[in-house]
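Okay, so here's the structure we're looking at.
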Amino acid sequence: CLGWFADEWSGRTVLGHTGHNIGTGSFLRAIPQEQAAIALVFNSGNDAPLYHYLFQRLLRELFGIAKPDPWAVIERHQRVDLSSYAGTFARHDFRVRLESAQGRVRWR
């Protein structure tokens, strides 16, 4: 777990957390201004497309919130500063270290 995210969608703060383990996934989004939260739990893989579809529809219909499209397109040769992602991340028996050097991030 790397923690919560906070973003602004349609002028409202959206807080969220996503978690996955072998064969399961969960998505939680809270909208403080609406005093509401939506949670989806899956017991199958490849749940991202369904999550995006359901959250776009539910947030629009219930609160008039337009959820952004799921992935941003990164153009080839676009310069992106990835140094803020450097660090060590661990979960259960998995550990990865991201190192930033010469404008690139490498993992170990």
Q: Would you check if there is a residue in the range 8-25 being open to solvent by 70 Å² or more (accessible area, probe 1.4 Å), touching a strand residue (DSSP E or B) at 6+ places or on another chain (Cβ under 8 Å) and at pLDDT 90 or above?
A: yes
Q. Does the range 23-78 hold any residues that are charged (D, E, K, R), part of a loop (DSSP other than H, G, I, E, B) and farther than 17 Å from Thr13 by Cβ, and which are they?
A. Asp47, Asp69, Glu75, Arg76
(Q) Go through the range 58-78 and report how many residues are loosely packed, with under 10 Cβ neighbours inside 10 Å and modelled with pLDDT of 75 or more. (A) 2
Q | Every pair of residues 6+ apart whose Cβ atoms lie under 6 Å, when the first sits in the range 7-25 and is more than 21 Å from Glu61 (Cα to Cα) while the second is open to solvent by less than 70 Å² (accessible area, probe 1.4 Å) and among the charged types (D, E, K, R) | A | Gly25/Asp47
Q) What is the number of the single condition among (1) under 28 Å from Asp93 (Cα atoms); (2) free of Cβ contacts under 8 Å to residues at least 12 places away in the same chain; (3) surrounded by 12 or more Cβ atoms within 10 Å (Cβ to Cβ) that Asn46 does not meet? A) (3)
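The values are calculated or read from the model by the stated rules, or taken from the named source; none is laboratory data. Predicted model only: the values in this text are computed from it and were never measured. Don't worry about glycine lacking a Cβ; one is built from the backbone with ideal geometry, like all the others, and counts go over all protein chains shown. These accessible areas exclude ligands, DNA and RNA; they are computed on the full protein's heavy atoms, side chains included. Shrake-Rupley method; radii C 1.70, N 1.55, O 1.52, S 1.80 Å.
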